[in-house]
Amino acid sequence: MKKIIAVFLMLLFSFQSTTKADDIRDFEIEGMSIGDSLLDYFTKEEISKNTNKETNTKNDHEFSAFFTDFPINLKTYEVYDYLRVEYLTNDKNFTIHGITGMKDYKRENIQECYDLQKKIEKEFDKQFSSFKKRKKSFPSMYDETGKSKITAIYYESKFGYAETSCYHFSNHVNYPSGIDISISSANLREWLINLRRDN
């Protein structure tokens, strides 16, 4: 049975099962899994309207990013404020390669994000015990002053990738602070790494 990655209200985090799994496709975010077709959840027209081919780079469009809230709010979730789903741009089946659940926090409540991240980390340590784990805190590239910080925990293996990150943006930056919880295929992860190297 697939596990559900979900940030519940009251800052609770739970899985449907505590069984360890090595394949990232065994997990779900809002009912979606890596390898599913986005067409099982949204129409072609909805996907087209809410897809941004230049989310990651303006030079390489191998993958595209679909958003559930922009420019049109297509669906409201109880757990996340919105989702980003990535797929191969030329894939007519819109096979899902990456899913990110995002929840915003007021800047003054950012400690709630860090507290939740610690709970998620404990669960991820159990679920992804065979994955390589890394923790990193660094300035956001969207803030030239260096005052906005990202605190990230990564889990990597040949089977896929998982991440939980808290974004704490300073008042002068026009981005919401919050938490991201992501799962992605090995192919998407490799593409993103190569993009950063090229930049």
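The figures follow:
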| item | result |
| --- | --- |
| Residues (farther than 15 Å from Leu192 by Cβ and out of contact with any Phe, Trp or Tyr (no Cβ under 8 Å at 6 or more places or on another chain)) located in the stretch 79-107 | Tyr80, Asp81, Asn90, Asp91, Lys92, Asn93, Asp104, Tyr105, Lys106 |
| One residue from Ile24, Ile47 being modelled with pLDDT of 55 or more, within 21 Å of Ser165 (Cβ to Cβ) and surrounded by 12 or more Cβ atoms within 10 Å (Cβ to Cβ) | Ile24 |
| Count - residues of the stretch 72-87 that are open to solvent by less than 30 Å² (accessible area, probe 1.4 Å) and either free of Cβ contacts under 8 Å to residues at least 60 places away in the same chain or in contact with a His (Cβ under 8 Å, 6 or more places away or on another chain) (or both) | 5 |
| Any strands (runs of 3 or more DSSP E) falling wholly within the stretch 88-199 and containing at least 1 residues that are at pLDDT 90 or above and crowded, with 20+ Cβ neighbours inside 10 Å | 96-105, 149-157, 160-168, 177-184 |
| Among (1) crowded, with 16+ Cβ neighbours inside 10 Å; (2) assigned to a strand (DSSP E or B); (3) at pLDDT 95 or above, the one test that Phe42 misses | (2) |
| Unmet criterion (only one of (1) more than 25 Å from His172 (Cβ to Cβ); (2) without any contact (Cβ under 8 Å) to a residue 24 or more places away in the chain) for Gln111 | (1) |
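The values are calculated or read from the model by the stated rules, or taken from the named source; none is laboratory data. Source: prediction; values computed, not measured. Cβ: placed from backbone, ideal geometry, glycine included. Neighbour counts: every protein chain shown. Heavy atoms of the whole protein, side chains included, go into the accessibility calculation; ligands, DNA and RNA do not. Shrake-Rupley method; radii C 1.70, N 1.55, O 1.52, S 1.80 Å.
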